[in-house]
Amino acid sequence: MDFDLVIRNGTVATASDVFKADVGVRGGKVAALGENLAAGREEIDAANLLVLPGGVDGHVHFDQPTGDESEMADDFLSGTRSAAFGGTTTVLPFACQAKGQSLRAAVEDYHRRAEGKPVIDYAFHLIVTDPTEQVLGQELPALIRDGYTSFKIYMTYDALKLNDRQILEVLDIARTEGAMVMMHAENADCIAWLTDKLERAGQTAPFFHGVSRPRVAEREATHRAISLAELVDVPILIVHVSGADAVEQIRWAQGRGLRIYAETCPQYLFLTADDLGGDGFEGAKCICSPPPRDAANQRVIWDGLTGGTFQVFSSDHAPFRYDGPKGKKVAGEKAPFRCVPNGIPGVETRLPLLFSEGVMKGRMELTKFVELTATNPARMYGLHPRKGTIAVGADADIALWDPSRTVTITNDLLHHNVDYTPYEGIEVTGWPVATLSRGEMVCRDGALLASPGRGAFLPCGLPAPARPKGAPAPVLPF
Ligand code: URP
Ligand code: ZN
Ligand code: ZN
């Protein structure tokens, strides 16, 4: 047999092309693309199916300690299982440094959390919360060289945020070492001031979470992040962009030739501030930061996705159960929004939602879908071309999609450990019916076929998009 596996008769899509081809897999990698490939030990008939690179979700939170009594609902097993059922084959969760903790110790802790659990491959972003001399001078450069080549920094949340001087110090290390910096851009003082005012007025229901984090707070921080990055001459990626004002800043920077990249997420296309409203506490299900905006902002986000402002579309899966003492109700059923854990689930629904509303409704080419959800995240985080594409030599990470299957999203259908989905009742057309990781079937037709722990940790290379503008020209490989 020439191949371990041949996926026959399907329509393959990459970020640049859509074409009919068989895919031959050997040793977990794509070994051939072509017509009428020789027989494989195993064969899959993909007639009437799309053969897409498995998704790369560049922004998920699994088993991340929270700093209060709440707990994330998904660990590295349930989180990766849910990802795989949604057509994703690589995830990048965060290894978050607690203030006072060594960054290396944080990484070791997250490796322990993951041990024996993932069903698909994973890499870690770092979260740098305490940029001490030791962290900046030794730990961070050493970790980048060990394959942790991207990290997130926060401009808000007391337990996580850096001041501008600290941001500059961290950006400077990223520039020297060639790492990608992800920025959570919201102005902490604006949010704190508004939160205090709202609380004094008794406006503490989940709806007011959105009021406390207005677009202007995101805009100001986005502009400041851009300015700090320009000063240091280092590319940055602004994560989970929610509104038109931040988009305007990003376009302004990109128009000036700055290497400013941006990510958005399903919640900014499919939810609005109204989803945080209503009577009672139900709106807590949609509390995340930045918060969902309105229909006009959703249109701006769509335009940014199709028009090139955004490079990546991630889930920002941050899973908390609604019922029970460890999730959204950790501080009680009527807790003020300040005490409700931020974050919503979405690792499994990310791709079906974008595929249906984007590709099937004609807003977005299939190639663009692949670029935003697989190829570009792999590029941004130093995993391309091993991940994020279907090409000879790449890992055979493949999702088979039935573009005609119509599914109504309900939480029963999903494989996370959260007791709700914010997308309950949305009908989608197009569904990932099988997911393969390095040529192995992870899930098919609703059944999980992979064993926990089969997912491999991926050390990341230095991402080419993280090169500063002033960098010397790359050495060509020929
Ligand atoms: O509300 C959110 N997005 N929670 C997750 C943490 C983050 O800032 O991405
Ligand atoms: Zn964030
Ligand atoms: Zn996040």
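The values are calculated or read from the model by the stated rules, or taken from the named source; none is laboratory data. All of these numbers come straight from a predicted model, not from anything done at the bench. So basically every Cβ, Gly included, is an ideal-geometry build from the backbone, and we count neighbours across all protein chains shown.
Among the residues making up the stretch 220-246, a single one is farther than 22 Å from P468 by Cα, more than 16 Å from ligand 2 (Cβ to nearest atom) and within 21 Å of the chain's Cα centre (by Cα): A244. Scanning the stretch 151-179 for residues that are of a type outside the set (S, T, N, Q) and within 15 Å of ligand 2 (Cβ to nearest atom) returns F151, K152, I153, Y154, M155, Y157, D158, A159, L160, K161, L162, I167. One residue stands out in the stretch 43-65 among those that are within 30 Å of F151 (Cα to Cα), more than 16 Å from ligand 2 (Cβ to nearest atom) and among the aliphatic types (A, V, I, L, M): the one that is nearest to the chain's Cα centre (by Cα), namely V56. In the stretch 323-345, the residues that are among the basic types (K, R) reach residues that are part of a loop (DSSP other than H, G, I, E, B) with C-beta atoms within less than 6 angstrom, at least six apart or across chains, in these pairs: K326/S70; K326/E71; K328/F320; K328/Y322; K328/V340. Considering the stretch 212-227, the residues that are among the β-branched types (V, I, T) and out of contact with any Phe, Trp or Tyr (no Cβ under 9 Å at 6 or more places or on another chain) include one that is nearest to A262 (Cα to Cα), namely T222. Does the stretch 82-93 contain at least one residue that is closer than 24 Å to T132 by Cα, without any contact (Cβ under 8 Å) to a residue 40 or more places away in the chain, within 16 Å of ligand 1 (Cβ to nearest atom) and part of a strand (DSSP E or B)? There is at least one residue in the stretch 82-93 that is closer than 24 Å to T132 by Cα, without any contact (Cβ under 8 Å) to a residue 40 or more places away in the chain, within 16 Å of ligand 1 (Cβ to nearest atom) and part of a strand (DSSP E or B).
Taking the criterion of being assigned to a loop (DSSP other than H, G, I, E, B), on the phi > 0 side of the Ramachandran plot and touching a strand residue (DSSP E or B) at 6+ places or on another chain (Cβ under 9 Å), would at least one residue in the stretch 390-407 satisfy it? Taking every residue of the stretch 390-407 in turn, at least one turns out to be assigned to a loop (DSSP other than H, G, I, E, B), on the phi > 0 side of the Ramachandran plot and touching a strand residue (DSSP E or B) at 6+ places or on another chain (Cβ under 9 Å). Of the residues that make up the stretch 122-138, is at least one of a type outside the set (K, R), assigned to a helix (DSSP H, G or I) and touching a Leu at 6+ places or on another chain (Cβ under 9 Å)? Taking every residue of the stretch 122-138 in turn, at least one turns out to be of a type outside the set (K, R), assigned to a helix (DSSP H, G or I) and touching a Leu at 6+ places or on another chain (Cβ under 9 Å). Pairing each residue of the stretch 284-295 that is under 13 Å from Y322 (Cβ atoms) with any residue that is within 16 Å of ligand 3 (Cβ to nearest atom) and of a type in the set (A, V, I, L, M, F, W, C), provided the two are 6+ apart or on different chains, yields C-beta distances under 8 Å for A284/V340; K285/I344; C286/L271; C286/I344; I287/V340; I287/I344.
A single member of A262, A318, A273 is within 15 Å of ligand 1 (Cβ to nearest atom), more than 24 Å from H125 (Cβ to Cβ) and either buried (at least 16 other Cβ atoms within 10 Å of the Cβ) or among the acidic types (D, E) (or both), and it is A273. A single member of S451, S404, S437 is buried (at least 16 other Cβ atoms within 10 Å of the Cβ) and polar (S, T, N, Q), and it is S437. For the stretch 330-346, a tally of residues being modelled with pLDDT of 95 or more and over 24 Å from the mean Cα position of the chain (by Cα) returns 8. Identify, from the list I120, I144, the residue that is touching a residue at least 12 places away in the same chain (Cβ under 8 Å) and either under 16 Å from the mean Cα position of the chain (by Cα) or within 16 Å of ligand 2 (Cβ to nearest atom) (or both). Checking each option against the conditions leaves just I120.
Among the residues of the stretch 350-391, not one is farther than 20 Å from P463 by Cβ, under 14 Å from the mean Cα position of the chain (by Cα) and acidic (D, E).
Among the residues of the stretch 338-375, those that are hydrophobic (A, V, I, L, M, F, W, C) and either within 16 Å of ligand 1 (Cβ to nearest atom) or at positive phi (or both) comprise C339, V340, I344, V347. If you go through the stretch 42-65 and keep only what is among the aliphatic types (A, V, I, L, M), touching a helix residue (DSSP H, G or I) at 6+ places or on another chain (Cβ under 9 Å) and away from ligand 3 (no atom under 11 Å from the Cβ), you end up with L50, L52, V56. Against the numbered list (1) surrounded by fewer than 23 Cβ atoms within 10 Å (Cβ to Cβ); (2) more than 14 Å from ligand 3 (Cβ to nearest atom), L160 comes up short only at (2).
When D274 is tested against (1) assigned to a helix (DSSP H, G or I); (2) farther than 27 Å from M180 by Cα; (3) out of contact with any Pro (no Cβ under 9 Å at 6 or more places or on another chain), exactly one condition is not met: (3). Exactly one residue among A205, A225, A192, A221 is surrounded by fewer than 19 Cβ atoms within 10 Å (Cβ to Cβ) and aliphatic (A, V, I, L, M), and that residue is A192. Taken over the stretch 410-426, the criterion of being in a loop (DSSP other than H, G, I, E, B) and among the charged types (D, E, K, R) is satisfied by D419, E424.
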